[in-house]
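What follows is one structure encoded as structure tokens, with my remarks underneath.
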Amino acid sequence: MNPHEYDAYYGLGIYHYYAAQLPTMIKPLSFLLGLKGDKVKGLEELRLAKDKGTYLKDDAAFFLNEIYVGFEKKYSEGIQLSTELMNKYPTNPSFYSMLCWAHDGLEQYQRSSEILENLLQKNNIQYVNQHAKAKIYFQLGYSYHLQKKYDSARMNYNKAEIIFNSTQRNKSQLYYYMGLSEEKSGKKEEAVKYFQRVLNCEELYGFQKAAEKKIQELQKKN
């Protein structure tokens with residue numbers, strides 16, 4: 001491959017990084033292609049595509065940002081890259097969201113909530129669908145939860161719930177964190193109700209098991 005065809009490093013970078021992250025899932029494909037996972041190499045290739053690519057540089061930046069914040073816990077790098085993408089695409093809420101997850105990672109919770117509040121006040125934001133907007137309300141509620149501002153958390157969780165109800169999306173994560181906020185507010189009975197709602201949802205990321213544990217803990221305290 002011509003080393004100057006930098007866009008090609010985008011696909012290679014994704015493969016090498018995620019093959020190293022998920023070896024059991026990628027193993028059959030790895031055997032067929034004769035490739036192995038390599039996190040360091042994958043990151044280098046994505047950076048190369050981001051810095052020198054022609055058509056896929058922004059795609060590379062997006063994946064690199066997801067990796068920084070979601071896997072590598074390189075929150076400062078995530079803030080820098082999210083800000084660059086947000087400034088380039090100011091109507092895309094995904095980059096505001098990722099920026100705030102990075103701030104949360106650095107325990108800069110107030111900054112996170114300020115960004116999300118300002119985002120929700122903008123009239124030109126292009127949400128893919130209403131579900132995407134509900135996720136912003138949920139993230140804002142979670143940010144207030146981390147600040148121990150449980151009334152503000154509850155208010156934004158409720159806004160997210162209204163939208164989720166209209167889209168028929170899985171609400172187990174939302175109900176679980178609504179239960180946590182009620183518990184932290186000292187409203188144990190309300191907390192149990194939300195944790196029980198989690199049990200009525202389809203299983204998602206282990207929230208049902210966590211909710212069952214919370215119900216047992218709260219019932220023992222009564």
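The values are calculated or read from the model by the stated rules, or taken from the named source; none is laboratory data. This structure is a prediction, so every number in the text was calculated from the model and none was measured. In this analysis, Cβ positions are derived from the backbone assuming ideal geometry, glycine residues included, and neighbour counts consider all displayed protein chains. In case anyone asks, the SASA skips ligands and DNA or RNA and just uses the protein heavy atoms, side chains included. Shrake-Rupley method; radii C 1.70, N 1.55, O 1.52, S 1.80 Å.
Quick rundown of the values:
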| quantity | calculated |
| --- | --- |
| Among the residues listed as Tyr157, Tyr137, the single one being at pLDDT 95 or above, open to solvent by 20 Å² or more (accessible area, probe 1.4 Å), within 23 Å of Leu99 (Cβ to Cβ) and in a helix (DSSP H, G or I) | Tyr137 |
| Condition met for Lys214 (at pLDDT 95 or above, open to solvent by less than 60 Å² (accessible area, probe 1.4 Å), among the basic types (Lys, Arg) and assigned to a helix (DSSP H, G or I)) | yes |
| Candidates Asn124, Asn118, filtered to the one that is out of contact with any Asp or Glu (no Cβ under 7 Å at 6 or more places or on another chain), within 15 Å of Phe95 (Cα to Cα), of a type in the set (S, T, N, Q) and not in a helix (DSSP H, G or I) | Asn124 |
| Filter result for Ser166 (small (Gly, Ala, Ser) and at pLDDT 95 or above) | no |
| Residue, most open to solvent (accessible area, probe 1.4 Å), within the stretch 195-207, restricted to residues that are within 27 Å of Gln147 (Cβ to Cβ) and under 22 Å from the mean Cα position of the chain (by Cα) | Tyr205 |
| Enumeration of residues in the stretch 38-93 that are touching a Gly at 6+ places or on another chain (Cβ under 8 Å) and of a type in the set (S, T, N, Q) | Asn65 |
